[in-house]
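Nothing in this text is a laboratory measurement; each read-out follows from the coordinates by a stated rule. Just so you know, these numbers come straight off a predicted model, no measurement behind them. For neighbour counting, all protein chains shown are included, and Cβ atoms are generated from backbone atoms with ideal geometry for every residue, glycine included.
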Amino acid sequence: MHSLTQEIRGFSRNNLRKQCTRVTTLTGKRLIETWQDARVHVVEEADPSDGFGCGYVQDLSLDLQVGVIKPWLLLGSQDAAQDRETLKKYGVTHVLNVAYRVENAFPNDFIYKNISILDLPETDITSYFPECFEFIEQAKMQDGVVLVHCNAGVSRAAAIVIGFLINSEGLNFARAFSWVKNARPAICPNPGFMEQLHKYQQHSKKANGSINDLK
């Protein structure tokens, strides 16, 4: 996905270590995990010609795997959001598009909300939580099914859904992350989002008085 490749331009190829792990998701998407600054960074697809054994190439495979967080709350990539049959299969009525430069595919058939968010560690993802959560709750109240998606369905949309579970279910970060990871194994919010979600959990704990670790 060209726009996603542009957004991860901040992760310099020259800084990648030779040690890397190739991960193939259930849908066949190939991801590369590399260590930088003591943190894991995930990029799509391996480029065998790269001198480091890791690199970026355009990923042309479709990722139609949809993570069912709740019967009315789904998580996926832009591929799923642009596939009418997939949307019909899951009974989608609302689409929360938090991708960058991804148009809504079926504006006449679904209720959309667009919030362009950059997948960068310095992006304040929590500042977008209120309007995202409001849209998700509206879909629920209308007995609808909402798909939350970004470009790859790995970082931004995942962070939004994890934050929603922390807020609405009273979960701690670990439980919310595990819940979403089980539904969509490919997720991997960028390090900045992970740190913000940890802080958001603490903020929610203070606001609500407690966090339910067992839900």
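List of remarks:
- Residues of the range 160-195 classified as assigned to a loop (DSSP other than H, G, I, E, B) and among the basic types (Lys, Arg), total: 1
- The residue pairs whose first member lies in the range 147-164 and is on the phi > 0 side of the Ramachandran plot, whose second member is part of a loop (DSSP other than H, G, I, E, B), and whose beta carbons are closer than 6 Å, counting only pairs six or more residues apart or on different chains, are Gly153/Ser77.
Every residue, every condition in (1) charged (D, E, K, R); (2) in contact with a Phe, Trp or Tyr (Cβ under 7 Å, 6 or more places away or on another chain); (3) over 17 Å from Gln78 (Cα atoms), yes or no:
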site: His94; (1), (2), (3): no, yes, no
site: Ala99; (1), (2), (3): no, no, no
site: Glu103; (1), (2), (3): yes, no, no
site: Ile111; (1), (2), (3): no, no, no
site: Phe135; (1), (2), (3): no, no, yes
site: Gln138; (1), (2), (3): no, no, yes
site: Asp143; (1), (2), (3): yes, no, yes
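- Selection count where residues are surrounded by 20 or more Cβ atoms within 10 Å (Cβ to Cβ) and not aliphatic (A, V, I, L, M), scope the range 140-166: 8
- The residues of the range 183-198 that are of a type in the set (S, T, N, Q) and over 13 Å from the mean Cα position of the chain (by Cα) amount to a single one, Gln196.
- Arg101 meets the conditions (1) basic (Lys, Arg); (2) farther than 21 Å from Met194 by Cβ; (3) surrounded by 14 or more Cβ atoms within 10 Å (Cβ to Cβ) in every case but one. The failed one is (3).
- Identification of strands (runs of 3 or more DSSP E) wholly contained in the range 60-122 with 1 or more residues that are in contact (Cβ under 8 Å) with a residue 60 or more places away in the chain yields 67-70, 73-76, 94-97.
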